[in-house]
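Remarks on the structure that follows.
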Amino acid sequence: MSTVWPSLFLSLLAAVISALLVWYLTHRWRDNTRQQCEKLLFYTKKEAEISSREILNEAQVKIDKKWAELDRRQDRFELERERDREEIDKDRRRLKQFREELEDRRKKLESVEESVFQREEALRKTTQKYRRRMEEIGGVSSEEAKKILRDEVVAECQGELRYLRRSLLEKSEKEVRQEGKRLLVSAMQRLSTQPMHDITATLVPIPGDEMKGRIIGREGRNIKCFEAVTGVTLMIDESPGTVLISSFDPVRREVARVGLEYLIEDGRIHPSSIEEYVARAQSEIETDIARYGDDAVNQLKLGGVHPEVRQLLGKLKYRYAFTQNVLDHSVEVGFICSMLAAEIGLDPLPAKRAGLFHDIGKAMDHEYEGSHATVGADFLRRFGEDATVVNAVAAHHEEVSPETVYAGLVMVADTLSAVRPGVRNETQSSFIDRLARLEKLAADVDGVKEAFALQAGREIRVLVEPSEVNDERTAELARELRQKIEDNLQYPSTIKVTVIREQRYSETAK
């Protein structure tokens, strides 16, 4: 009995100690678990707050961009509305002035009519009085007196009649010239078009210099892929906030601009995304080209235009002659041709079609040989355009003999649209640069001794070495230089090429 109680006590003590130890360890594990959960919950909340702030910041940036864009659109809309309001006020003032002038003329006309009526009445009474007096004196009837008087007047006024006939003929010629000027001025005044906007370089804004590195990519793979897909040259220099796109083809340049803007907006720039967004931009530009061609045709209310012709016509929207958009210029020429044809009694429809299509050759690529007039005429002929329209397009730069009067209408309308004030503005530096490039282009031809740009760049006069260039080569050189000018320069109207081959021999007699 004495040995049982100590062992029982020890067992009970061990059990109590074990229970206490288990309770302590359990409590300690629960505290550690709670602390870990609290710490995990704390970090989770922190990450959620940071993520939410980033999302809010990105959303705020996008909202700010949208507001800025809306503000720009609102400012542009306000400027356009203010300009329209000023135009309306000017028209109202002109209309008021015209009404006042018309009222003054009406009053003057009424006064003149009254004066003429009074003079006619006085003349009639005087004539009757003298007729009765002559019958009393001469004893002849009024008919015999008229005959005698008529014979005497004819005999006395033969010289004066010849002078009057000559002056009337000269007056008729002057009236014809004045009527021609009136028709041209009337057609120009009836045409109301929007002012042309200045051409700027194709610059794409970027958010920061960090984006330049992403556009270039590792070892330049992104920029190489972009240039290979678009066919343009992407120029990235130290200019802050911009990237320059360079290409001779304005359609390619526009596709590259839209594709690059998509890439910048997305932020993920790599070869696969470049191909995806450039293809998307290509599809959008093709859709826009078709829409521009349809709008031009619908604006002139023309029917029966082949879809290929409409598509090529829409490409002119991306081409400029100085500050004048070529598609807007073509639509304007179509309107002027139509109005001039109506004024002189011709069918306005062929004139309208010839005016709209006269520069369509400028939208064709460099693989086609020849000037834009002949190339455009061949293209229209392939798609079933009327022979009158085809000849007018081919002859509007006098490279082909005009067969109808419609070719002359296109020449006149093309010149009127190109030279009216404010259409093709050119800065002094670009003007001097154009003359220098024109002279250099001619001087680079083999056999040319000197080249001079004349008539403000409308004529290039070339002197050749007579020992190197014969007469046959001189004619070929003129055609070659014309082709080089058409292929490499942009210029208003036309440039006359004159090649001079001259030999001089001199001796001195002693």
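Nothing in this text is a laboratory measurement; each read-out follows from the coordinates by a stated rule. Just so it is clear, the structure is predicted and the values come from calculations on it, not from any experiment. Note that each Cβ is placed from the backbone with ideal geometry, even for glycine, and that neighbours are counted across all protein chains shown.
Table for the structure above
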read-out	value
Histogram of C-alpha separations across the range 22-101, 5 Å bin width, %	3, 12, 7, 8, 6, 7, 6, 6, 6, 5, 5, 4, 4, 4, 3, 3, 3, 2, 2, 2, 1, 1, 0, 0
Rg [Å, one decimal], Dmax [Å, integer] - the range 84-128, C-alpha atoms	19.4, 65
Kirkwood-Stokes translational diffusion coefficient of the range 247-291, alpha-carbon pairs, 20 °C, 1.002 mPa s, µm²/s	201
Cα gyration tensor shape for the range 203-299, rounded if a/c is under 1.5, else prolate or oblate	prolate
The range 216-291, relative contact order in percent, only Cα pairs under 8 angstrom and at least six apart counted	29
Two-site FRET efficiency, Asp91 against Arg381, from Cβ-Cβ distance with R₀ of 35 Å, rounded to 0.05	0.20
Full-extension gain in nm, Glu38 to Ala228, via 0.36 nm per residue minus C-alpha separation	62.8 nm
Pairwise Cα inverse-distance average, inverted: Kirkwood Rh of the range 354-414 (Å)	11.1
Straight-distance crosslink candidates among aspartates and glutamates, where the alpha carbon sits under 20 Å from Lys39 and sequence neighbours closer than 8 are dropped	Asp31, Glu47, Glu49
Listed pairs Lys449/Lys496; Lys362/Lys440; Lys317/Lys484; Lys62/Lys212 exceeding 22 Å between Cα atoms	Lys362/Lys440; Lys317/Lys484
Two-site FRET efficiency, Ala279 against Leu454, from Cβ-Cβ distance with R₀ of 51 Å, rounded to 0.05	0.55
Efficiency of FRET from Cβ geometry, Ile344 and Thr127, R₀ 45 Å, rounded to 0.05	0.55
Residues of the range 48-70 with amide N under 17 Å of the 7 Å Cα→Cβ point at Glu78	67-70
Ranked packing of 404-411, 462-469, most packed first, by mean Cβ within 10 Å	404-411, 462-469
Nonlocal amide H pairs with Lys449, under 5 Å, H built at 1.01 Å	Leu463, Val464, Glu465
Difference of contour (0.36 nm per residue) and Cα-Cα distance, Ala478 to Glu103	129.0 nm
Listed residue (Ile432, Phe452, Ser467) projecting farthest to the positive dipole end of the range 428-501, Cβ model	Ile432
